[in-house]
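Encoded as structure tokens, the structure appears first; notes follow it.
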Amino acid sequence: MKRIVINVLALIGLFSLIGCAQKKEQKQPNIIFIMSDDHSTEAISAYGGRLAQQFPDLTPNIDRLAKEGTVMQNTFCTNAICGPSRAAILTGKFSHQNGFFKNESGGDFDGSQQTFPKLLQKAGYETAVIGKWHLGTAPTGFDYSKVMINHGGQGTYFNTIFLENGQDTVKETRFHSTRQVWEDAKKWLTKGRDQEKPFMLMYQFKAPHRPWEPDPQFQHVFDDVEIVEPETFNDTYEGKVAAGDTWMTIERNLNRKDLKVHPENIEDMTKKEIAAWYKYGNNNEEPWSPNDELKGQALKKWKYQKYMKEYLGCVKGVDHYIGEMLNYLDENGLAENTIVIYTSDQGFYLGEHGWFDKRMMYEEAYRMPFLIRYPGHISSNTVSKKLTMNVDFAPTLLDYAGVTVPSDIQGKSFRTVLEDDNAEWRDAVYYHYYEFPWWHHVRPHYGLRTDRYKLIHFYYNPEAAKNTWIDEDYELFDLENDPNELNNLYGKPGYEEITAKLKAKMDELQKEYKEDSREEMMKKTDVKIGRVYEHANYSNVKKK
């Protein structure tokens, strides 16, 4: 009898241990979603591009995520511009479905709609967003928010104005904005949240966005080096449909504010004259020079060096404060049960094709960095080449949090890919850019990318013919044989079959994503809706 009692007690203990183990296994993970603005994979050492070869230790803290997690090499944005990419990430829907399809004259984000932070809130998460927002309307779906609102919602590097919890307007004068975002994030993690709840923090930097003003401690890191130029630095755009018409060239369109060139007689100039001086280049004027001797290719090279050194200085700041976050998680026992993601709202041209900025569907702007760490669930030091999009981020995070993904979300969870790279997955990703002509005179286009080919359709040119659909303006690239996208194969003999297949796939995806109206596509480019910025009243700014 005594032995039976002991055995029963042992069984009860065993079942209790199993129950505890299951409970521990089912614990919802914390989520740190780190995002910068305009960070090209070329400027991340873990991606192994030309800059990584020159500077192997360019981004040691981001590289730590690569060593302790997975690098997604083929993650792409659905619309390569700041606000629309953020809207796609929040909603898991393409621009034409979430309603935020361009930055300029496209209105503000509809904050009443479903977003993944709201779904996490309902599932018991405490949520926060700190840093860059750039969506106009105040954040919704967050228990705490502190977001940049000055400079048209872009924020500034110094003396940044934030909107806190949709009500209080605060001007931060103590730190560079990159550090300020870290200070605010640390404060919320330490004192501002319910320590008993799982949390999701969107930790978002302005850097390395234009006009590239590094934190003083990183201002001079690259002063004594010459930054290597890309192979396509002097691209002639031969055979391309719209590349030669863009206003984002290193040579012509970097302005004096970008490169910190100041007028000698500034004290004698009016505010209007000063503004015109600094923005010269925005409207594709003749190239300016800091002196009479610097001209032609030498001038282009000088501008590139100046631009790149300050851009990379901003990158160093972002990487540093990612390191601060990773150290905080380690020191406070949070690392093991926290998903950490690093991404950017899109890529950026770092001299490739002679450009800066983004928008065009060529690889450097189209590809986004995406690195993810989740100890015990995602293998360390792994690489995936699966085709993913920013609309996939929301369902992936919901999946890991144990939240049912709503059927109207257009992206797909790639959790199965992260845990098994041999899992079946999609064979193509879709892209659509609408904004024209301001800022950089990039024609509207949509496109399709597979693991080997890319097909781009420049379907509309309002300057040439209003409300007129263009059937023939396509570009086709074989990425395996032409990774720099220099040789447009569209219409060339021998590519008829692959072109037909890609067009059929494009039609299929446009129907799947509910974007098959030519009139609606053109209308989104033509529409002019003012940016409201309901909270952009700085009359009661509190200074810190």
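Considering only DSSP beta bridges with both partners in the chain, what is the antiparallel share in %, to the nearest 5? For the chain, the DSSP antiparallel bridge percentage is about 50. List the aspartates and glutamates whose Cα sits under 20 Å from the Cα of Lys27, skipping any in the same chain fewer than 8 residues away. By straight Cα distance, Lys27 reaches Glu126, Asp194, Glu196, Asp330, Glu336, Asp399, Glu419.
What ranking, highest mean first, results for peptides 298-310, 421-433 when packing means the other Cβ atoms within 10 Å averaged over each residue? Numbers along the way, then the final one.
Working: 298-310: 19.6, 421-433: 16.8.
Answer by packing, highest mean first, reads 298-310, 421-433.
Give the Rg/Rh ratio for the stretch 56-175, taking Rg as the radius of gyration of the Cα atoms and Rh as the Kirkwood radius, to two decimals. The Rg/Rh ratio comes out at 1.00. Under the membrane-span-like helix rule (DSSP H runs whose alpha carbons stretch at least 20 Å along the helix axis, mean Kyte-Doolittle hydropathy -0.5 or higher), the chain yields 2-25. Once C-alpha pairs closer than 8 Å and six or more residues apart are averaged by separation and normalised to the residue number of the chain, the relative contact order reads 24 percent.
Placing +1 on each Lys and Arg Cβ and -1 on each Asp and Glu Cβ, with no other charges, gives the chain a dipole about its Cα centre of roughly 1960 debye.
Packing here is the average count of other Cβ atoms within 10 Å per residue, and on that basis the peptides 444-453, 341-350, highest first, run 341-350, 444-453. The value obtained for the stretch 431-526, namely the Cα convex hull volume divided by the number of residues, is 109 Å³ per residue. Treating r as the C-beta distance of Lys543 and Thr270 and R0 as 25 Å, the FRET efficiency rounds to 0.35.
With a cut-off of 20 Å on the backbone N, the residues of the stretch 118-136 near the modelled label site 7 Å out from Glu164 along Cα-Cβ are 127-134.
I'd like the projected area of the chain, averaged over all directions, using the convex hull of its alpha carbons. Report it in nm² with one decimal. List each step's numbers first, then the result.
On the way: hull surface 118.0 nm².
With the hull built on Cα positions only, its mean projection is 29.5 nm².
Using the per-residue mean of other Cβ atoms lying within 10 Å as a proxy for protection, in what order, highest first, do the peptides 207-215, 456-464 fall? Walk me through the intermediate numbers first.
On the way: 207-215: 23.3, 456-464: 19.0.
Those peptides, ordered most packed to least, come out 207-215, 456-464.
Modelled spin-label separation between Arg256 and Asn283, with each label point placed 7 Å from Cα along the Cα-to-Cβ direction: 1.5 nm. On the principal axes of its alpha carbon atoms, the stretch 301-419 extends 51, 39, 23 Å, with the longest extent given first.
Quick note: the coordinates plus some simple rules give every number you see, no bench work behind them. Being a predicted model, the structure only gives us computed values, none of them experimental. Cβ atoms come from the backbone with ideal geometry, glycine included; neighbour counts cover every protein chain shown.
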